[in-house]
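Here's the structure, in structure tokens; my notes come after.
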Amino acid sequence: MDAVEKANEARQKRWSKDKKVGEGMYAVVYQGHEAETGKRVAIKKIKVGQFKDGLDMSAIREVKFLRELKHQNVIELFDVFSSKTNLNLVLEFLDADLELIIKDRAIVFLPADIKSWMAMTLRGLEFCHRNWVLHRDLKPNNLLIASDGQLKIADFGLARDFADPGYKMTCQVITRWYRPPELLFGCRYYNTAVDMWSVGCIFAELMLRIPYLPGESDMDQLKTTFRALGTPTEEDWPGHTKLPDYVPVGQFPKPPLRDLFTAATADALNLLGKCLIYEPRKRISAKDALSHPYFFALPNPTHPSKLPKSANQLAPRPIEEANGNVDQNTSGAAVKALNPSATSTNKLKRKASVAITEVDARSVARRLDFSNIKTP
Amino acid sequence: MSRAGGLLKGTVIRKSGFQSTQQSRSATPQVASSSTSITANIPLGGGVKDATGKTAEYSVHLSLLLKSMEDQCPVCKSDRYLNPKLRLLVSACYHKMCESCIDRLFTLGPAPCPICNKTLRKLAFMPQTFEDLGVEKEVAVRRRLAKDFNKKREDFPDLKTYNDYLEDVEDITFNLINDIDIAKTEARIAKFRQDNAAIIEANIQRDESYASSLREKEEGERREREETARRLAQEEEEQRILREIERQQLIDKLEHSDKDARKLVAKSRAERLKQQQARAAALGTTTQRDASKAIRTRAAQSTIPDPPHVPLQDDWYAYEDKFTLRSGGYYDPISEAVRRDADGIMRAGGYVVEDIWERAIRTAVAGLDILPLSGFPIKEATPQATAARDVDVEMVGVPG
């Protein structure tokens with residue numbers, strides 16, 4: 001046994017797996033704890049050998065960036081070790097994500113809560129950007145909530161470093177609903193602005209409680225975006241017509257944000273508008289966003305420990321966290337497909353209850369005596 | 001105000017039915033003493049507009065299926081025995097016809113009604129809601145009028161003018177139902193609509209917001225009920241488990257302890273009683289909360305105050321005191337092609353060449369304080385580090 005193997009074994013002994021909490025495309029997630037302190041952790045066991053190039057790309061990315069990023073609002077990678085043929089990532093254990101909370105209809109969001117979540121998201125993102133890392137998959141599902149209420153950016157499976165000269169980057173990143181138009185137009189050179197667009201979409205979703213731009217396909221995503229924010233002109237966004245995959249999708253007027261976000265403050269709409277500017281260079285940066293008047297206006301952002309928690313928070317985490325986002329398009333479609341069916345069953349239920357009450361209504365109407373009125 | 005037969009027109013909603021409508025004119029639609037009971041109907045447009053949408057088609061209803069076995073199409077005389085799928089629809093002139101007759105007669109365009117010769121169109125047929133077609137017509141007329149005549153007590157200066165208005169509406173309704181002076185009545189409606197366009201529009205919006213607030217309230221109450229039921233079930237389960245544990249403990253004690261068994265039992269009983277009381281007290285405080293209060297208490301219970309926003313909470317340092325970017329750019333053959341960017345693709349995507357230079361220089365100066373790895377610790381670290389800090393960073397980028 002050489003030194004490396006010995007070191008690995010020592011590490012392996014430090015952590016123990018308790019139970020499986022989720023399984024995804026390329027990983028199984030276990031709940032575990034540190035053997036000495038009993039600290040709860042999540043152990044992500046990455047399946048090796050299924051992929052013909054060896055390790056899955058997103059596992060490499062996750063390890064590469066999480067080893068370097070250590071911040072209050074970024075998920076912490078405690079350790080990495082291998083067991084037999086598997087690679088294990090020991091991560092912070094977080095029991096909820098923002099999507100769960102947004103979907104929990106029993107929770108009421110105060111404006112201060114949204115402000116607090118936004119501030120924490122932007123702080124985590126600013127830290128990534130300061131360290132030259134693009135996250136490239138921001139969505140409520142990837143913003144995890146710790147038990148003390150702190151929000152942590154997770155899932156760096158699509159992250160990459162930016163500002164390296166001359167390299168093309170792929171445009172097939174970011175879950176579709178949160179993907180900025182420059183990526184939909186196939187742009188291969190982009191920067192931190194892509195993450196800020198996602199933050200804008202998340203901000204809107206926090207206020208609306210439903211996804212803001214739910215496109216059904218890449219084409220439809222462009223249409224949905226332009227319908228909500230108006231078709232960009234050459235003046236709004238110089239040069240966008242020359243992007244590789246540019247297609248005209250029709251002219252839509254720009255409706256004021258106020259129409260949809262009726263309850264938002266002027267500051268909130270101003271920040272939202274700045275996150276959703278078409279021209280990436282004009283889009284607000286994470287650092288500037290944190291200094292936006294929205295955050296300084298009253299009410300103060302809620303203290304993390306007082307933020308609302310989901311009742312399902314203690315239930316096992318949904319599997320998406322383990323899903324390595326290997327195929328962005330299918331995961332987007334699956335989420336989309338689920339939503340209408342869920343709402344349609346609700347509608348059916350409502351109809352059924354109406355039918356029952358009709359019996360009463362009808363019997364009253366028929367008891368009246370209309371025999372002395374002639375039919376015209 | 002002329003009125004045919006001196007009748008007050010009946011409404012379907014008032015439970016008194018048509019008998020009561022045979023009253024003399026002196027009974028105004030509304031007297032001050034009973035105003036509340038009548039105005040209660042008004043938000044729903046005199047009861048005709050159904051805010052809840054809970055109306056069903058007449059013959060489709062299950063309890064009526066038996067009765068509707070006698071249904072017969074007056075045109076083709078086919079009945080439910082001959083055609084189990086028979087569905088009678090009502091024409092604009094209030095004559096029943098089965099679907100196949102309608103298809104046969106009106107597919108090729110407008111045609112005269114086989115009963116009264118009025119020209120009809122296929123699309124104007126509607127499903128029947130009421131057994132009596134007279135009621136059907138009255139409901140349709142009232143529904144139509146309620147759309148425009150939606151003024152309320154608040155829109156009038158005094159009760160008298162409001163009552164006059166209600167009488168006017170009833171007049172028009174009566175005329176339309178009994179086909180009296182149709183042309184003149186239509187003109188009256190059109191005039192009213194023109195005169196009151198703004199008020200009508202405002203009232204429509206008011207009704208809509210009322211209906212939606214009603215829906216929201218219902219939804220909230222339902223959620224609250226579910227929540228309470230869930231909590232109660234959970235509490236019951238917890239209590240059951242507790243009782244089980246206590247019982248087990250008592251048995252264990254009786255088994256192992258050498259104290260008097262009777263004393264042990266009495267002691268555990270007293271303990272249980274105390275716990276129950278404590279639980280009941282706690283329960284009292286928890287059940288007082290309801291969903292709407294929970295929001296406010298969450299904000300009010302702020303034992304921890306919400307601190308004002310601090311943009312960045314870590315010790316942000318990006319070495320910006322150690323370098324400045326040259327305004328003229330750098331000689332950089334690697335990014336040359338990207339920088340030329342004839343088509344503006346880079347610009348449109350938001351890629352900034354300055355980012356590349358900043359990254360290169362920032363990472364370079366970040367490394368200046370760090371000693372090279374040498375395998376053993378160096379004691380004299382400080383002079384070297386301070387020397388490194390003084391390096392002119394402009395040198396990092398070769399001027400081009």
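The values are calculated or read from the model by the stated rules, or taken from the named source; none is laboratory data. Remember, it's a predicted structure, so these values are computed and weren't measured experimentally. Cβ coordinates were reconstructed from backbone atoms using ideal geometry, including for glycine residues, and neighbour counts include every protein chain displayed. We work out accessible area using only protein heavy atoms, side chains counted, and drop any ligands, DNA or RNA first. Shrake-Rupley method; radii C 1.70, N 1.55, O 1.52, S 1.80 Å.
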Failed condition for A:GLN172, given (1) open to solvent by 20 Å² or more (accessible area, probe 1.4 Å); (2) more than 14 Å from chain B (Cβ to nearest Cβ); (3) at pLDDT 90 or above, with all others met?
(3)
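Yes/no matrix, rows are residues, columns are (1) of a type in the set (A, V, I, L, M); (2) surrounded by 23 or more Cβ atoms within 10 Å (Cβ to Cβ); (3) in a helix (DSSP H, G or I):
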| residue | (1), (2), (3) |
| --- | --- |
| A:ARG61 | no, no, yes |
| A:PHE81 | no, no, no |
| A:LEU89 | yes, no, no |
| A:LEU100 | yes, no, yes |
| A:PHE109 | no, no, no |
| A:LEU122 | yes, yes, yes |
Inside region A:24-53, can you point out the residues that are at pLDDT below 85 and surrounded by 15 or more Cβ atoms within 10 Å (Cβ to Cβ)?
A:GLY24, A:MET25, A:TYR26, A:ALA27, A:ILE46, A:LYS47, A:VAL48
Over region A:63-75, the set of residues away from chain B (no Cβ under 14 Å) and either farther than 25 Å from A:SER116 by Cα or open to solvent by 30 Å² or more (accessible area, probe 1.4 Å) (or both) is A:VAL63, A:LYS64, A:PHE65, A:ARG67
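Conditions (1) buried (at least 23 other Cβ atoms within 10 Å of the Cβ); (2) at negative phi; (3) within 14 Å of chain B (Cβ to nearest Cβ), marked per residue:
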site: A:LEU183; (1), (2), (3): yes, yes, yes
site: A:THR192; (1), (2), (3): yes, yes, yes
site: A:ILE210; (1), (2), (3): no, yes, no
site: A:ASP220; (1), (2), (3): no, yes, no
site: A:ARG227; (1), (2), (3): no, yes, no
site: A:PRO232; (1), (2), (3): no, yes, yes
site: A:VAL249; (1), (2), (3): no, yes, no
site: A:PRO253; (1), (2), (3): no, yes, no
site: A:LEU257; (1), (2), (3): no, yes, no
Condition check for B:ASP181: open to solvent by 60 Å² or more (accessible area, probe 1.4 Å) and at pLDDT below 90:
yes
Are any of the residues in region A:142-158 touching a residue at least 40 places away in the same chain (Cβ under 8 Å), facing chain B (nearest Cβ under 10 Å) and more than 26 Å from A:PHE226 (Cβ to Cβ)?
no
Scan of region B:321-335 for residues that are within 11 Å of chain A (Cβ to nearest Cβ) and without any contact (Cβ under 8 Å) to a residue 12 or more places away in the chain, ordered by number:
B:PRO333, B:ILE334
Consider A:PRO244 carefully, then state whether it is facing another protein chain (nearest Cβ under 9 Å), in contact with a Phe, Trp or Tyr (Cβ under 9 Å, 6 or more places away or on another chain) and at pLDDT 75 or above.
yes
Exception for A:GLY239 within (1) at pLDDT 90 or above; (2) open to solvent by less than 20 Å² (accessible area, probe 1.4 Å); (3) more than 18 Å from the chain's Cα centre (by Cα) falls at (1)
Go through (1) in contact with a Leu (Cβ under 7 Å, 6 or more places away or on another chain); (2) more than 13 Å from chain B (Cβ to nearest Cβ); (3) not in a loop (DSSP other than H, G, I, E, B) for A:CYS128 and report which single condition fails.
(2)
Among the residues of region A:8-22, write down those that are acidic (Asp, Glu) and either touching a strand residue (DSSP E or B) at 6+ places or on another chain (Cβ under 7 Å) or open to solvent by less than 40 Å² (accessible area, probe 1.4 Å) (or both).
A:ASP18
Lone unmet requirement of (1) closer than 27 Å to A:LYS282 by Cα; (2) at pLDDT below 80 for B:PHE323
(2)
Report yes if some residue within region B:103-116 is within 30 Å of B:ILE204 (Cα to Cα) and touching a residue at least 12 places away in the same chain (Cβ under 8 Å); otherwise report no.
no
If only one of A:ASP164, A:ASP155 is under 28 Å from A:SER305 (Cα atoms) and of a type outside the set (Lys, Arg), which one is it?
A:ASP155
I need the helices (runs of 4 or more DSSP H) fully contained in region A:213-301, keeping only those with at least 2 residues that are under 21 Å from B:GLY349 (Cβ atoms).
A:218-229, A:266-275, A:286-290
B:GLU138: passes all of (1) of a type in the set (Asp, Glu); (2) within 26 Å of B:ILE177 (Cβ to Cβ); (3) at pLDDT below 85 but (3)
Restricted to region B:134-168, and to residues that are among the β-branched types (Val, Ile, Thr) and without any contact (Cβ under 8 Å) to a residue 40 or more places away in the chain, which residue is nearest to B:GLU186 (Cα to Cα)?
B:VAL141
When you look at A:TRP197, is it farther than 30 Å from B:PRO305 by Cβ, of a type in the set (Phe, Trp, Tyr) and open to solvent by 10 Å² or more (accessible area, probe 1.4 Å), yes or no?
no
Does region B:144-157 include one or more residues that are within 14 Å of another protein chain (Cβ to nearest Cβ) and either assigned to a helix (DSSP H, G or I) or of a type in the set (Val, Ile, Thr) (or both)?
no
Does region B:121-133 include one or more residues that are touching a residue at least 60 places away in the same chain (Cβ under 8 Å), open to solvent by 20 Å² or more (accessible area, probe 1.4 Å) and farther than 22 Å from B:THR173 by Cβ?
yes
Within region B:45-58, does at least one residue satisfy the condition of being open to solvent by less than 20 Å² (accessible area, probe 1.4 Å), part of a loop (DSSP other than H, G, I, E, B) and at pLDDT 80 or above?
no
